[in-house]
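Reading through the structure tokens given below for one structure.
Throughout, read-outs are computed from the coordinates displayed, never taken from laboratory work. Quick caveat: nothing in here was measured; it's all calculated off a predicted structure. In this analysis, Cβ positions are derived from the backbone assuming ideal geometry, glycine residues included, and neighbour counts consider all displayed protein chains.
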Amino acid sequence: MDYCFLPYDPIFSKLFEKEKLYLQRILGSNITIEHFGSTAVPGLDGKGVIDIYILTSKDKIESISDILQKNGYVFGDFFKDDDHLLYQIDKLESNKKYHYHIHLSSIGSANFKDCIIFRDYLRTHPEAIKKYTQFKKIALNKIKDITDKKEVVKIYLDTKKPIIEEIIQAVKEK
């Protein structure tokens, strides 16, 4: 796997807004769509993946999953639990390829809440961005020669987990 560490680019928020409009068109507007992850935090460097969270009622998960797949989003079976499905797609914008991860969960998802808490904290705490960036660089270094996607995801997430949990816990305790 070849991952690189990219500087934050303001185009990320524009790409999210464009994708959000597209998702609302194919899925309907009665869903929550949020931008999170590195590309949602100005000044945070990362892999350049546009992470998007979709929340819907539990009874609509399967139909939304079908619609996503019929529209070219590929189910990422390396990352799945009872309340969190992942889809991927690459799209061209001005002759440059961007990678999107679409996370799908039901309303009330604890993972969604934590992702938003973490995103919002980073947006208002530049010193936390620096600390988190160090963890991300260590994580990318650990996975640079690994080819198994499931192993890559596990190591990458496990390496970042301590700083993420520390921040989320501190916010929740306030």
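Before moving on, here are some points about what is shown:
- Distance between modelled label sites at I146 and D9, nm, 7 Å Cα→Cβ extension: 2.6 nm
- Cα point-scatterer Debye curve for the stretch 1-102, base-10 log of I(q)/I(0) at q = 0.15, 0.25 Å⁻¹: -0.62, -1.55
- Value of relative contact order over the chain, rounded to a whole percent, pairs C-alpha under 8 Å and six or more apart: 21 percent
- Euclidean distance between Cα centres, the stretch 1-52 to the stretch 95-152, Å: 11 Å
- Bridge type composition, the stretch 11-124 - antiparallel percent by DSSP, nearest 5: 70 percent
- The modelled label-to-label distance between H99 and E165, using points 7 Å beyond Cα along the C-beta direction, is 2.6 nm.
- Stokes-Einstein D (µm²/s) once Rh is taken as the Kirkwood radius of the chain over alpha-carbon pairs, at 37 °C in 0.692 mPa s: 195 µm²/s
- Ranked for footprinting exposure by Cβ neighbours inside 10 Å, fewest first, L104, L6, L23, L92 give L92, L6, L23, L104.
- Helix-only CD estimate at 222 nm, as mean residue ellipticity for the chain, using -39500 (n - 2.57) per DSSP H run (n ≥ 4): -16500 deg cm²/dmol
- Potential lengthening of the chain between Q69 and I89 amounts to 6.2 nm, from the contour at 0.36 nm per residue minus the alpha-carbon distance.
- Using a simple spin-label model with pseudo-atoms 7 Å out from Cα toward Cβ, L157 and I107 lie 2.5 nm apart.
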